[in-house]
1. Quick check on my filter: what residues within region 536-555 are surrounded by 24 or more Cβ atoms within 10 Å (Cβ to Cβ) and within 15 Å of residue 466 (Cα to Cα)?
2. Looking only at residues in region 232-245 that are at pLDDT 60 or above and over 18 Å from residue 310 (Cβ atoms), which one is surrounded by the most Cβ atoms within 10 Å (Cβ to Cβ)?
3. Have a look at 345, 392, 412 and point out the one that is outside any helix (DSSP H, G or I), surrounded by 15 or more Cβ atoms within 10 Å (Cβ to Cβ), modelled with pLDDT of 90 or more and not assigned by the TED database to the domain that holds residue 596.
4. Can you pull out the residues in region 475-493 that are buried (at least 22 other Cβ atoms within 10 Å of the Cβ) and either more than 26 Å from the chain's Cα centre (by Cα) or without any contact (Cβ under 8 Å) to a residue 60 or more places away in the chain (or both)?
5. I'm told residue 82 meets every condition in (1) out of contact with any helix residue (DSSP H, G or I) (no Cβ under 7 Å at 6 or more places or on another chain); (2) in a helix (DSSP H, G or I) except one. Can you identify the failing condition by its number?
6. Please go through region 626-646 and give me each residue that is in contact with a helix residue (DSSP H, G or I) (Cβ under 7 Å, 6 or more places away or on another chain) and under 19 Å from residue 615 (Cα atoms), ordered by number.
7. Pick from 270, 294, 310, 265: which is at pLDDT 80 or above and either crowded, with 24+ Cβ neighbours inside 10 Å or in contact with a strand residue (DSSP E or B) (Cβ under 8 Å, 6 or more places away or on another chain) (or both)?
8. Is it true that residue 434 is modelled with pLDDT under 85 and surrounded by fewer than 19 Cβ atoms within 10 Å (Cβ to Cβ)?
C-alpha cells in the first residue's frame, strides 16, 4: 500500500481505512484481566496483566490516529478526548460512588481521609501520583489495610497517556510536514526516544525505590511506546485487500505468538517477593504482548497459532468485560478481607469475587445505559463527561466536609479517670468508663514522639544535619540542667521521647536527640545503607563529645514474624565506645510489631476482637534478649516496658481507653504520656541516681 506524501493533495471524501478485525486482541484482554484477578486474589504477586493492557491500548490508539494522519483526515483530538473520557469515566463514577458508600459503612475512620484523597485522584486520573506520594506499597498484596482504590493507578496512567499521545502524534505529523518527509519515520523516532528514555528511567527508579516507581507514569511510558511502535510497524490494510502471508512469514508469526503468550503467562512466576518491578522484569509481559500483536498480522489464519487460542469465545467473553472486571474485582477483594479479618482468600471465595465482578460489570452497563438515555446527557459526550464528573464530585465534597467536622470525643473530658492508659497495668484503678477511644483517627498523624525543639543550626555537629535531625529538650525555666541525656536511633527511639520529655521537665534535665528515620543506632555494617552508617558514626562522635550522664537507645528489634525479636545487629559494638568512656547506656527493649495496623484493627473490629489482642508469644520472646548482654557490661542497663504494653498473655491494641499503636509498630504519643511514671522510676532505679520520683501515677 502506498501512502500520500505530505505535499499530496488531500481527498476530502476518502474514507479512513479500517484494520482487519483482530479477535485475538480481545482474547488477549481476557487473558490479561484473568491474570490480574487470579494473582491479586490468590497471591501477593504482580501478574503483568496491566502491562499487557498498556501495550494494547497504545497499539489501538496509535493505529487509529496514524491512519487519520496518513489519509489527511482531521484528527479531532478534542472530540477524541471527550468521547474517550466520557466512555471511561461512566463505570469509574459508579465504582467511586459504591466505594464511597462502603468506606463509610465498613472502613475505619482513620483511613477515610486517604481514601477520599484517592477517590478525588481517581476522578481526575492522577491517583497514581497520589499513591506514590502516600508511599503505598503495591507489593503488600492481600491485606485488609490495602486501599480499595489502589488498582486505579493503572487507569490514571492510561488516562494521562490518552491525553499525551494524540499530542505526540500530532506533533510528529507537523514535524513530518515541515521536513517534507513521511509521517511514520518521524513517529518511529519519537516513540523510540520515549521507549529508550522511559525504560532507562524505569530501571534506575525501580532500583532506587520500587514502591514509587511502580506508580510513576514516567516509568511506564515505554510500554505504551512499545505498543505504538508495533502499530506503526504493521502496514495498514483494508478489509477489501485480504492478504495471505508467505509460509515462512506465517511460521515466524506462529513462533512469535506462542513465545509472546508464554512470556505473558510466565511473568507472575518470574516475580518473587524481592523482585523489583517494573524495571527490566516488565519487559517480559510488554514484549510478549507486542509479539502477539505482530503474530496476528503475520499469521492471521494460523490454525495452530496462539492467536487462534486467544480468539476462543470464552476469552472473547472475558475480554468484552475486562474493563468492568478490572474495576470491580479489587474493591470487592479488599472489602472481603476487611469484613472477614482474613489475610488470604480461599478458592471458593475468590471465584465468588470474580463472579461478583462480572455481575457488577453487567449492572454497571445497565445503569449507564439508562444514564446516557437521559435528556441532555445523550446529546453530547462533553456534557455527559461533565455531568458524570459532577455526579461523583458533589458527594465527595460532602464526604470530605463530614470527615473534617466530625469529632467522636466531643463533650468527653480527657482526664486520667476517663483515659488511664498504662495505669491500668500499673495498679488496680477499678472500673474504666465507657468513653470513645483516643487518639481519634484525625489525631493519629500527630501522634509521633514529642521531640522538643530543633537544635540551633550552629549547634548541630558535623555530619548530622544533612543526614538526620537534632532535637533539644531544655529546662523550662532556662536554668542550668542537672543532668544531660543523649537519645540515639530511629522512630522507635523517638517515641520514647514523649515520656522522657515529661521526666526531663520534672527533674530539670537536658535531652539531646539525634534521630534518623529507619536507622537504628548500632555499629556500621555492610547490611545498612551508607548514609545510615555515616549518621551513626557522626552521632556516636557527637555523643562522646557531649559526655552526657547517660545514653538512651533501643537495643532489640521486634519482628512481626518468628522469631519475633532479636538484638539489634552490631548493637554491642555500637555501644562499646560509650561503655569504654564510662558513660552508662540505657538499652530499651523494643515494643511489639504486628503484620497489620493495630489502630485500623481496633477501629474496624473493636478493641475486644481477638485480632486486635494477639498473643504475647506471637509478639515477643519469653525472655528479654538484652538481659544476657547487660550482664556482661557493668554500665549497660536494660529497661523493659513490656509489662506496660502487654498483659501476661496478650499485647492489646487498646489499654485504658487509649489506642496503644498508631500503625503497625509505633506507640502513640498519647499512650506514651501514661508511661512517664514507669520510665522515670526505672531510669532512676537502674542508674541509682539520687532523684526522687516526681511524676504521680495517672
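1. Answer for region 536-555, where residues must be surrounded by 24 or more Cβ atoms within 10 Å (Cβ to Cβ) and within 15 Å of residue 466 (Cα to Cα): 536, 539.
2. Of region 232-245, the ones at pLDDT 60 or above are 232-234.
Then drop every residue that is not over 18 Å from residue 310 (Cβ atoms), which leaves 232-233.
Details: 232: 22, 233: 13.
By that ranking, first place goes to 232.
3. The unique qualifying residue is 345.
4. Listed by number, the residues that qualify are 485, 486, 487, 488.
5. (1)
6. 641, 643, 644, 646
7. Working: 270 fails: either crowded, with 24+ Cβ neighbours inside 10 Å or in contact with a strand residue (DSSP E or B) (Cβ under 8 Å, 6 or more places away or on another chain) (or both); 294 fails: either crowded, with 24+ Cβ neighbours inside 10 Å or in contact with a strand residue (DSSP E or B) (Cβ under 8 Å, 6 or more places away or on another chain) (or both); 265 fails: either crowded, with 24+ Cβ neighbours inside 10 Å or in contact with a strand residue (DSSP E or B) (Cβ under 8 Å, 6 or more places away or on another chain) (or both).
Result: 310 is the single residue among 270, 294, 310, 265 that is at pLDDT 80 or above and either crowded, with 24+ Cβ neighbours inside 10 Å or in contact with a strand residue (DSSP E or B) (Cβ under 8 Å, 6 or more places away or on another chain) (or both).
8. no
The values are calculated or read from the model by the stated rules, or taken from the named source; none is laboratory data. All figures in this text were calculated on a predicted structure; none of them were measured in a lab. Cβ: placed from backbone, ideal geometry, glycine included. Neighbour counts: every protein chain shown.
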